[in-house]
Structure formats: C-alpha cells, structure tokens
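To start, the structure under review is shown below, and the notes come after it.
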C-alpha cells in the first residue's frame, strides 16, 4: 500500500429469511465491530429475520476517491457542481 492509499475495515450486516434470501432494506455498514454485532443480534431477536449475516470488508479509499471530479473547484475557490 502506498502513502496515498488508505485502507479501513467496515462491517456489513444484513438480515434475511429462509427460502427468500437477504433483505437489502436491512443492510447497514459499521466501522465498529461491537455495534455491528449488536445490530446483527437485533435483526434476529427484535426485527424477526430468520438469520443475519455479518461480514468484515476492507475498503480501499483510493478507489472511492478516484471517482471525484477534479474540476469541481474553480480558480476562485468556489465549489460548483457544473
């Protein structure tokens, strides 16, 4: 990893029902594992999902920032979306 790349972990949690699959309405991303575990428990014990999945995923911030348009800032320092 070079100095310009920053990596971090996120925890993805999603609930699902047997024979129906995952519900993307329940999908949440967390940067804290204990909060993700608490949400995982909430999905099955409170929200009524048959199961919940918790996955740890590394995020490469360079790839996220690569899509930022460098032409958003003009010479006078004003950020414009066009």
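Provide a single number: the residues in segment 38-53 that are part of a loop (DSSP other than H, G, I, E, B) and touching a residue at least 12 places away in the same chain (Cβ under 8 Å).
3
Could you tell me whether segment 57-73 includes any residue that is at negative phi, touching a strand residue (DSSP E or B) at 6+ places or on another chain (Cβ under 8 Å), modelled with pLDDT of 90 or more and surrounded by 13 or more Cβ atoms within 10 Å (Cβ to Cβ)?
No: zero hits.
Residues are listed down the side, and each one gets a yes or a no for (1) modelled with pLDDT under 95; (2) exposed (fewer than 12 other Cβ atoms within 10 Å of the Cβ); (3) touching a helix residue (DSSP H, G or I) at 6+ places or on another chain (Cβ under 9 Å):
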| residue | (1), (2), (3) |
| --- | --- |
| 8 | yes, yes, yes |
| 31 | yes, yes, no |
| 41 | no, no, no |
| 50 | no, no, yes |
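The values are calculated or read from the model by the stated rules, or taken from the named source; none is laboratory data. What you are looking at is a predicted structure, and each value in this text was computed from that prediction instead of being measured. Heads up, the Cβs are rebuilt from the backbone with ideal geometry, glycines too, and the neighbour counts pull from every protein chain shown.
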